[in-house]
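Chemist: A single structure is presented below for examination.
The values are calculated or read from the model by the stated rules, or taken from the named source; none is laboratory data. Everything numeric in this text was worked out from a predicted model, so none of it was measured. Methodologically, a virtual Cβ is constructed for each residue, glycine included, from the backbone with ideal geometry; neighbour enumeration extends over all protein chains shown.
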Amino acid sequence: MENLYFYLLIALFILAIGDLIVGVSNDAVNFLNSAIGSKVISFKNIMIFASIGIALGAISSSGMMEVARKGIFNPEAFYFDEIIYIFMAVMITDILLLDFFNTLGLPTSTTVSIVFELLGASVVMALIKIYNSSKDLTDLTNYINNEKAIQIILGILLSVFIAFSIGALIQWVSRFVLSYNLDLKTSWINALVGGVSISSIFGFILIKGIKGTPYAQIEFSFLNNSDISTFIDNHLITVNLFNFISCYLLSYFIIKYLKTDIYKIIIGIGTFALALAFAGNDLVNFIGVPVAAFQSYEAWVVSGIPASDYEMGFLSQKVPAPTFLLLGSGVIMVLTLWFSSKAKKVVKTSLDLSSQHEIKERFKSNILSRFLVRCALNLNSLLRTITPDSLQVKIDNSFKSPKVDKSISIINRPSFDKLRASINLVVAAILISMATSLKLPLSTTYVTFMVTMGTSLADRAWGTESAVYRVSGVLNVIAGWFFTALIAFIVGGTIVFFINLGGPNAIAVILFIVVLTVGKSYLSSRKEEKIIFEENKLIVKNASSYEEVISVSGSNISKVINRTSQIYNSLVEGISKNKLKEFKRINKTIIKLDNEVENLRENIFLFIKNIKDSSIAASKFYISILDEVEDMTKDLQYMIRKCYDHIDNNHNKLKLSQIRNLIEIQNHLNFTLFKASIKVFKKQNDIEDFEKLLVEKNESIKLLDSKIEEQILESKTEDSTPRNTKLYFNILLKTKDLTKSNYRLIENYYNVIKKIKEAII
């Protein structure tokens with residue numbers, strides 16, 4: 001039996017490694033968002049600062065491990081085997097849940113997930129114990145640490161409102177005082193900002209934060225033989241005052257004599273600090289349970305008592321986590337930070353919602369978001385009427401965004417300025433560090449995300465054009481948090497029930513399911529990442545001149561035609577062989593292509609806005625091109641849907657003569673149109689090639705017309721069936737439309753290139 005629990009312990013630590021990977025992938029947004037969004041520091045340096053912060057934070061997080069041992073349940077009420085089952089259920093649930101949110105690209109709370117998983121698993125295990133002992137449900141309170149659990153849950157929920165409100169308030173005041181003209185402010189003003197920001201970070205991260213670690217209990221002779229924690233408590237005002245003056249003088253020296261942007265320093269230190277706070281606060285979410293299991297196993301082995309009789313009151317004691325486990329966890333977290341593709345996906349969601357510029361809005365509006373925005377607009381109108389005109393003018397001037405530099409592509413523009421990035425980091429770091437020093441697992445995700453949203457609102461990033469979509473996005477993320485809590489509780493409880501019911505066999509089956517699920521998700525993610533860079537993917541790329549518009553469009557059209565030919569060939573093959581699976585496959589392909597085309601259309605405004613050429617010709621050309629491309633995809637979708645319905649309803653196959661005609665059309669289009677078009681659009685500037693293609697236009701249309709006429713005549717015969725004829729006509733007519741759209745693309749390009757060549761000559 002001892003071997004069984006040893007193997008379970010190994011499984012828990014393997015699960016912990018997986019949990020660290022999926023957890024950091026989701027939580028990376030917490031400390032990367034502001035630095036990446038401001039673009040004042042290179043990505044490489046951002047990652048270095050964050051990596052150092054994570055490594056140091058992991059080492060100093062020992063005190064937080066108590067939450068996993070006794071924060072949610074009363075360990076003395078459970079036996080060793082029950083505790084191990086609870087821990088196993090928690091880790092399995094956590095990996096599945098966090099990986100699900102990573103796949104969606106939504107930030108969720110690892111703290112909420114672990115808290116409610118522990119709560120759900122321990123409640124179900126307690127109910128099982130109550131049922132087996134014929135006790136009353138009122139005894140449930142003996143198993144759950146109600147006071148601590150409520151404290152943690154309230155702390156998490158309050159963090160949403162506190163973070164949003166404080167972030168919004170500080171950002172509004174900062175913008176009102178400093179405006180966007182930060183570089184024009186005097187040295188002492190920027191030094192004051194630097195002094196307040198850096199001293200706050202040092203004060204709460206390096207001073208208060210250290211109070212939650214074992215290192216704070218070490219005595220030093222230069223502190224009058226007192227430890228750090230005691231010294232800080234006894235000289236709090238003096239320490240903070242010295243900290244602020246030192247940071248102010250340092251900031252002034254950096255600005256005045258080193259000629260260095262103090263905001264870069266703030267963002268760099270803030271990123272480090274927030275990563276430090278994240279690791280110190282959230283490491284418990286990933287390894288707290290395995291560490292508690294390891295310590296429980298050690299205590300149980302030496303006791304000699306059966307696992308089903310060994311009470312776990314031991315977990316109520318303060319036992320520091322082994323340093324080697326903290327170091328190992330830090331290494332895994334740093335490696336995940338550098339190599340996780342899903343982390344980038346989650347960061348993008350937060351950046352989009354906080355962006356100062358027009359972007360492709362990911363979320364659709366809903367009734368609640370429209371209502372909230374309408375209320376906000378009415379409140380804003382009311383406030384403007386009661387605000388003195390002189391003050392309102394000053395406010396408007398302070399919040400007036402600088403003109404966008406159109407020489408910088410939209411993709412490379414910062415999502416927000418360095419002041420907002422600094423506020424995001426400083427406020428979030430302070431709040432999280434305070435929670436860490438109090439041993440309260442405040443959700444770093446809730447804090448950082450809501451601070452970011454609060455500063456975005458205060459900074460007028462949510463304009464009338466984007467507000468409903470941004471608010472909708474925030475509501476979706478918050479709804480996901482409640483979903484996290486609910487699912488974590490239910491799934492955690494369900495898994496511990498089955499583990500208790502089936503024992504080791506149930507654990508083996510569940511672990512196998514976990515491996516399959518996470519493995520499939522990983523492979524899908526890698527495939528998606530690969531697709532991003534594949535040759536045939538349409539690229540949303542900016543262009544500043546007519547020539548660049550032609551180049552970008554030509555490249556995309558070449559890819560569209562290439563994929564169109566592949567889909568059409570698969571369609572003909574599928575209908576010829578009556579293969580339903582083939583249409584299921586190509587339907588996914590055409591949906592992906594249609595989404596990419598739709599993405600291009602949704603970015604029309606931003607694309608046109610970036611064109612420096614004052615002429616409207618380039619914009620009209622781009623719009624007409626997209627229109628033809630969209631028609632081509634819709635034609636393909638129509639044909640696929642009709643073919644699928646025909647086969648799915650078990651209608652008669654097309655006649656052999658009809659299949660031969662489709663194959664003939666397919667071969668003709670491949671040879672005279674598709675392959676040649678792909679080649680021509682890649683080269684783009686060869687007029688003669690375009691002319692050769694256009695020569696074949698009449699021949700292609702003539703061939704399709706002849707097949708249509710032929711079918712009209714055959715329709716009068718007795719062996720023709722209505723549904724076969726209808727499907728065949730649909731394919732022919734849409735193929736004709738597809739062909740015409742292709743040739744119109746060729747004609748548009750031919751005319752444009754011809755004009756450019758003539759102008760040069």
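Chemist: For segment 448-467, give me each residue that is surrounded by fewer than 22 Cβ atoms within 10 Å (Cβ to Cβ) and in a helix (DSSP H, G or I).
Modeler: Across segment 448-467, the qualifying residues are Leu457, Ala467.
Chemist: Here's another thing I want to ask about it. If a residue has to be aromatic (Phe, Trp, Tyr), more than 37 Å from the chain's Cα centre (by Cα) and at pLDDT 85 or above to count, how many in segment 231-257 make the cut?
Modeler: Narrowing segment 231-257 to residues aromatic (Phe, Trp, Tyr): 231, 242, 244, 248, 252-253, 257.
Adding the requirement that they be more than 37 Å from the chain's Cα centre (by Cα) leaves 231, 242, 252-253, 257.
From the residues that got through so far, the ones that are at pLDDT 85 or above too are 242, 252-253, 257.
Qualifying residue count for the region: 4.
Chemist: Test Ile623 against the criterion of being surrounded by fewer than 19 Cβ atoms within 10 Å (Cβ to Cβ), in a helix (DSSP H, G or I) and modelled with pLDDT of 80 or more, and give yes or no.
Modeler: Criteria met by Ile623.
Chemist: Can you go through Glu630, Glu602, Glu596, Glu573 and tell me which one is in the same structural domain as Arg723 (by TED's automatic domain parsing), farther than 17 Å from Ile731 by Cα, at pLDDT 85 or above and charged (D, E, K, R)? Even if it seems obvious, please write down each step before you answer.
Modeler: Details: Glu602 fails: at pLDDT 85 or above; Glu596 fails: at pLDDT 85 or above; Glu573 fails: farther than 17 Å from Ile731 by Cα.
Only one candidate qualifies: Glu630.
Chemist: Output the helices (runs of 4 or more DSSP H) that fall wholly within segment 663-761 and possess 1 or more residues being modelled with pLDDT of 85 or more, over 47 Å from the mean Cα position of the chain (by Cα) and closer than 23 Å to Glu630 by Cα, or say none. Quick ask: steps written out before the conclusion?
Modeler: On the way: elements: 675-683, 687-695, 697-714, 722-760.
Ranges flagged: 697-714.
Chemist: To continue, here is another question. Residue under question is Phe286, and the condition is that it be closer than 16 Å to Ile17 by Cα, in a helix (DSSP H, G or I) and at pLDDT 75 or above; does it hold?
Modeler: Details: closer than 16 Å to Ile17 by Cα: yes; in a helix (DSSP H, G or I): yes; at pLDDT 75 or above: yes.
Answer is yes for this residue.
Chemist: So which pairs qualify, if the first residue must be in segment 158-186 and in the same structural domain as Thr455 (by TED's automatic domain parsing), the second must be surrounded by fewer than 16 Cβ atoms within 10 Å (Cβ to Cβ) and aromatic (Phe, Trp, Tyr), the Cβ gap must be under 9 Å, and the two must be at least 6 apart or on different chains?
Modeler: The qualifying pairs are Trp172/Phe399; Arg175/Phe399; Phe176/Phe399; Ser179/Phe399; Tyr180/Phe399.
Chemist: Just wondering, is there one or more residues in segment 499-506 that are under 16 Å from Ile128 (Cβ atoms), assigned by TED's automatic domain parsing to the domain that holds Leu9, modelled with pLDDT under 85 and not charged (D, E, K, R)?
Modeler: Residues of segment 499-506 that are under 16 Å from Ile128 (Cβ atoms), as a first pass: 499-503, 506.
After this cut, where a residue has to be assigned by TED's automatic domain parsing to the domain that holds Leu9 as well, the list is 499-503, 506.
When the remaining residues are screened for being modelled with pLDDT under 85, the result is 503.
Applying the additional criterion that residues be not charged (D, E, K, R) yields 503.
Among the residues of segment 499-506, at least one is under 16 Å from Ile128 (Cβ atoms), assigned by TED's automatic domain parsing to the domain that holds Leu9, modelled with pLDDT under 85 and not charged (D, E, K, R), which makes the answer yes.
Chemist: Here is a further query. Take the residues in segment 158-177 that are surrounded by fewer than 16 Cβ atoms within 10 Å (Cβ to Cβ) and of a type in the set (A, V, I, L, M); name whichever of them is farthest from Met453 (Cα to Cα). Break it down stepwise before answering.
Modeler: Quick first cut of segment 158-177, residues surrounded by fewer than 16 Cβ atoms within 10 Å (Cβ to Cβ) only: 158, 161, 165, 169, 173, 176-177.
From the residues that got through so far, the ones that are of a type in the set (A, V, I, L, M) too are 158, 169, 173, 177.
Working: Leu158: 15, Leu169: 12, Val173: 16, Val177: 20 Å.
The selected residue is Val177.
Chemist: Given the conditions (1) over 30 Å from Ser246 (Cα atoms); (2) part of a helix (DSSP H, G or I), and given that Ile189 satisfies all but one, which numbered condition is not satisfied?
Modeler: Unmet condition: (1).
Chemist: Scanning segment 1-51 for residues that are at pLDDT below 80 and assigned to a loop (DSSP other than H, G, I, E, B), which turns out surrounded by the fewest Cβ atoms within 10 Å (Cβ to Cβ)?
Modeler: Met1
Chemist: As an exercise: evaluate Ser133 against (1) surrounded by 13 or more Cβ atoms within 10 Å (Cβ to Cβ); (2) more than 30 Å from Leu431 (Cβ to Cβ); (3) out of contact with any Gly (no Cβ under 8 Å at 6 or more places or on another chain) and give the number of the one condition it does not meet.
Modeler: (1)
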